[in-house]
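The values are calculated or read from the model by the stated rules, or taken from the named source; none is laboratory data. For clarity, every value in this text was computed on a predicted model and none was experimentally measured. For neighbour counting, all protein chains shown are included, and Cβ atoms are generated from backbone atoms with ideal geometry for every residue, glycine included.
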């Protein structure tokens, strides 16, 4: 039969004679993982394995203190082991997805990190100073001016060729458009359709020849852009 429990009987109290002290403050904290003897045994075994590819996996419910307990355990163990080297990872410019590992004596990793931070900051100042110098600005302007002159020359060449063939080159949002000129002005597609067939065929023939020249000019424009980019990159490297 169910019986009513008093508050005193519902709560367990540790008998004072079981604890060999007057206050719990006198009890030194334990570094052991309480109640996990098998886990501790497995952890010790895993840490004795020195071969590559072997790892220790720790599982448990969130908030149970497994990470804190494991770190405390490892800290105590590390005090008894030789001090390991420092490992620093730096960028691999040939393959950025695979950084290069640098093995340094213990304690030198932090010094290397600070030295690299100072070096990077100094390089930033030097690069800004180099790119803001009068010599760099003058040479960059010379490169851009030469490229622009070549671009203008190609543009004039295309426009003059088109004019001799009776066309005008118009720039549109979708690219260059070749339009025939009749009686001194560009005509629309509707006006072109109203012309005699013989004239339309002649215009179509000349337009086809002109489009070939235009494609060649566009190829030269792209080559010019690539050359400009290459020259500017070489200037930046200098």
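What the table shows:
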item: Check on residue 69, out of contact with any strand residue (DSSP E or B) (no Cβ under 7 Å at 6 or more places or on another chain), outside the structural domain of residue 36 (by TED's automatic domain parsing) and surrounded by 10 or more Cβ atoms within 10 Å (Cβ to Cβ); result: no
item: Members of region 72-106 that are in contact with a strand residue (DSSP E or B) (Cβ under 8 Å, 6 or more places away or on another chain) and not in a loop (DSSP other than H, G, I, E, B); result: 86, 87, 88, 89, 90, 100, 101, 102, 103, 104
item: Count - residues of region 45-66 that are at pLDDT 85 or above and not in a loop (DSSP other than H, G, I, E, B); result: 2
item: Qualifying position, being in contact (Cβ under 8 Å) with a residue 40 or more places away in the chain and surrounded by 15 or more Cβ atoms within 10 Å (Cβ to Cβ), among 224, 218; result: 224
item: Residue that is modelled with pLDDT under 85, over 30 Å from residue 138 (Cα atoms) and loosely packed, with under 11 Cβ neighbours inside 10 Å, where the choices are 180, 173; result: 173
item: When residues of region 194-212 are limited to those that are assigned to a loop (DSSP other than H, G, I, E, B) and surrounded by fewer than 12 Cβ atoms within 10 Å (Cβ to Cβ), the one farthest from the chain's Cα centre (by Cα); result: 196
item: Of residues in region 7-44 being at pLDDT below 80 and surrounded by 10 or more Cβ atoms within 10 Å (Cβ to Cβ), the one farthest from the chain's Cα centre (by Cα); result: 19
item: Complete set of residues in region 72-120 that are loosely packed, with under 12 Cβ neighbours inside 10 Å and touching a residue at least 40 places away in the same chain (Cβ under 8 Å); result: 76
item: Check on residue 114, at pLDDT 90 or above, assigned to a helix (DSSP H, G or I) and farther than 24 Å from residue 237 by Cα; result: yes
